[in-house]
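The values are calculated or read from the model by the stated rules, or taken from the named source; none is laboratory data. Keep in mind that this is a model prediction, so the values were computed, not measured. For neighbour counting, all protein chains shown are included, and Cβ atoms are generated from backbone atoms with ideal geometry for every residue, glycine included. Calculation scope for accessible area: heavy atoms of the full protein, side chains included, ligands and nucleic acids excluded. Shrake-Rupley method; radii C 1.70, N 1.55, O 1.52, S 1.80 Å.
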Amino acid sequence: MQLPAALNRAIDAEASQHDYKLLIRAVEEMSSRYRAREKEAGAFIGTPLHRAAYVVTRLPATYAAVASVLGEIRQRMPTFEPASLLDLGAGPGTATWAATAVFPSLQRATLIEQDAEFIATGRQMVKSAGADPIARMEWVRGDLRKTQLEPHDLVVISYALGELSERDATALVNKALASARVLAVIEPGTPRGCGVAHLARAVMLAAKAHIVAPCSHEGPCPMLARKDDWCHFAQRLERTSLHRHLKSGELGYEDEKFSYMVAAREDVSRAHARIIRHPLIGKGHIKLDLCTPAGIVSETVTRSDKEKFKQARGAKWGDTWE
Ligand SMILES: C[S@@+](CC[C@H](N)C(=O)[O-])C[C@H]1O[C@@H](n2cnc3c(N)ncnc32)[C@H](O)[C@@H]1O
């Protein structure tokens, strides 16, 4: 996956406002805080340098995760053509950029964010991009715990639900569901992020919403019963040279791991099964680990089943398996 050229222009412009060495240090600090965050929740993007570090190194990854999840919605709900988007905990507007790339039907977006500086960064990025991602983009400064939400077709909470307490996160998912046709929650692909996605799932089901993805059913999650395992997926993203330099990365790409949960008011046809690991390719056979309504199962596809083998060869971790 690549970012739109206009968004890359905006990211470069944001980085160019800072001393390069200081920006590298901020990137390192942010990475170590992200690692520590497995244990402690809370926002930590407090200075202009850290916001720029977020824009250069985290925004591309969260964009990739959101675009991947929204692509899944498009696949499961081919007739869903949202006109309005609500981006909750919008930061610099990452999910809005991703949503407009996936759903050209979008005409307006409301972005709610508590941090005035992040809103200013997001506005500046739209200017530097030289292209509005969407015709109408309204930024609202507000606290998600207190702000009333207006109805929108698509509501996205990207990498923000985990910053709230469990009680506040539960209340926010309920509030978001009441104003959404489709609600997508995306979190880091860590045990903690997966826990937040599970919490969202429980709230969605209790509110009688229907799970769209990643689950193949609405019963108890079989992954929860497994030790040292959690539901997550990955999206590969091409790195720009700026990203490679700032993160001293050798590879031309990065893999963003994410957990997610999508619910809709209407029921949809869910996947028969979801591939939950990289397929294991052996001699003449491919082994798939699948999450199905009957639990987590392994299926081995052999070369003798020509059609199925061809499908399995093209199958990736995170894909559905019909
Ligand atoms: C990690 S950033 C994610 C930004 C963006 N959604 C993305 O995917 O790149 C989390 C954002 O949620 C915002 N946030 C956290 N708690 C909030 C609250 N109670 N009200 C409004 N925004 C909040 C933070 O200020 C921050 O900008």
>> If the elastic network links every pair of Cα atoms under 10 Å, which of Arg76, Arg226, Arg25 fluctuates the most in the Gaussian network model of the chain?
In response: Arg226
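Given the rule -39500 (n - 2.57) for each run of at least 4 DSSP H residues, summed and divided by the residues of the chain, what is its mean residue ellipticity at 222 nm, to the nearest 500 deg cm²/dmol? Don't skip to the answer; put the middle values down first.
Working: 10 runs with 119 residues, N = 322.
Helix-only estimate at 222 nm: -11500 deg cm²/dmol.
About its Cα centre, how strong a charge dipole does the chain have in debye, to the nearest 20, once Lys and Arg get +1 and Asp and Glu get -1 at the Cβ?
600
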>> Restricting the calculation to Cα positions, tell me the Rg (one decimal) and the Dmax (whole number) of the range 51-209 in Å.
In response: 14.5, 44
>> How large is the convex hull of the C-alpha atoms of the range 247-322 per residue, in Å³?
In response: 145
>> Mean-square fluctuation check for the chain, GNM, Cα pairs under 10 Å: which of Gly93, Gly252, Gly142 is largest?
In response: Gly252
> Extension gain Gln75-Ala207, at 0.36 nm per residue separation less the Cα-Cα distance, in nm?
Replying inline: 45.1 nm
>> Name the residue from Leu144, Gln2, Ile276 whose Cα lies farthest towards the positive end of the charge dipole of the chain, charges +1 on Cβ of Lys and Arg and -1 on Cβ of Asp and Glu.
In response: Ile276
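I need the calculated FRET efficiency for the pair Lys310 and Lys257, taking r as the beta carbon distance and R₀ as 41 Å, to the nearest 0.05. Don't skip to the end; give the middle numbers.
Values: r = 28 Å, r/R0 = 0.68.
Working from the Cβ atoms, E equals 0.90.
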> What nm distance separates the two modelled labels at Lys283 and Asp267, each placed 7 Å from Cα along Cα→Cβ?
Replying inline: 4.8
>> If you wrap a convex hull around the alpha carbons of the range 184-226, what volume per residue comes out, as a whole number of Å³?
In response: 75
> Taking the Cα centre of the chain as the origin and placing charges on Cβ (Lys, Arg +1; Asp, Glu -1), which of Ala53, Ser31, Val156 is farthest toward the positive end of the dipole?
Replying inline: Ser31
>> Test of understanding: in a Gaussian network model of the chain with alpha carbons linked when under 10 Å, which of Ser128, Ser68, Ser165 would top the mean-square fluctuation ranking?
In response: Ser165
> Which one of Ala180, His232, Ala135 is farthest out on the positive end of the charge dipole of the range 116-266, using unit charges on Cβ (Lys, Arg +1; Asp, Glu -1) and the Cα centre as origin?
Replying inline: Ala180
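At a temperature of 10 °C and a viscosity of 1.306 mPa s, determine how fast the range 120-197 diffuses translationally according to Stokes-Einstein, using the Kirkwood radius over alpha-carbon pairs as Rh; express D in µm²/s, rounded to the nearest whole number. Provide the component values of the computation, followed by the final result.
Values: Rh = 14.2 Å.
It comes out at roughly 112 µm²/s.
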> At a probe radius of 1.4 Å, what is the per-residue accessible area of Glu218, in Å² to the nearest 10?
Replying inline: 60
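Ordering Arg58, Arg9 from largest to smallest accessible area (1.4 angstrom probe), what's the sequence? Please report the intermediate quantities before stating the final value.
On the way: Arg58 35, Arg9 120 Å².
Descending accessible area places them as Arg9, Arg58.
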> What dipole magnitude, in Debye to the nearest 20, does the range 234-322 give about its Cα centre under +1 on Lys/Arg Cβ and -1 on Asp/Glu Cβ?
Replying inline: 320
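With every protein chain kept in the model, how would you rank Ser105, Ser179 by accessible area, 1.4 Å probe, largest at the top?
Values: Ser105 35, Ser179 5 Å².
So the residues, ranked largest to smallest area, are Ser105, Ser179.
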> Quick one: length gained pulling Arg236 to Thr302 fully straight, 0.36 nm per residue minus the C-alpha distance?
Replying inline: 21.0 nm
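Using unit Cβ charges (K, R positive; D, E negative) and no other charged atoms, how large, in debye to the nearest 20, is the dipole of the range 281-322 about its Cα centre? Working shown, then result.
Numbers: 8 positive and 6 negative charges, 61 e Å.
The dipole of the range 281-322 has a size of about 300 debye.
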>> Using all alpha carbons of the chain, what is the percent of pairwise distances in each 20 Å bin, ordered from the shortest bin to the longest?
In response: 32, 58, 10, 0
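Keeping the other protein chains in place, figure out the carbon and sulfur percent of the accessible area of the chain, with a 1.4 Å probe.
On the way: 7550 of 15110 Å².
After summing per-atom areas, the C and S share lands at 50 percent.
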>> Solvent-accessible area of Trp317, probe 1.4 Å, all protein chains present, reported in Å² to the nearest ten, please.
In response: 40
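Which whole-number percent gives the relative contact order of the chain, counting Cα pairs below 8 Å spaced six or more residues apart?
Values: 615 pairs, mean separation 51.7, N = 322.
Once normalised by length, the contact order is 16 percent.
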> Can you pull the accessible area of Arg33 for me, 1.4 Å probe, Å² to the nearest 10?
Replying inline: 110
>> Starting from the 7 Å offset along Cα-to-Cβ, what nm value, one decimal, do you get for the label separation of Val140 and Glu218?
In response: 2.8
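Once the Cα gyration tensor of the range 154-274 is diagonalised, what are the square roots of 5 times its eigenvalues, in whole Å and ordered largest first, as equivalent ellipsoid semi-axes? Don't jump to the answer; show the numbers that get you there.
On the way: eigenvalues 155, 54, 43 Å².
Each semi-axis is the square root of five times an eigenvalue, giving 28, 16, 15 Å.
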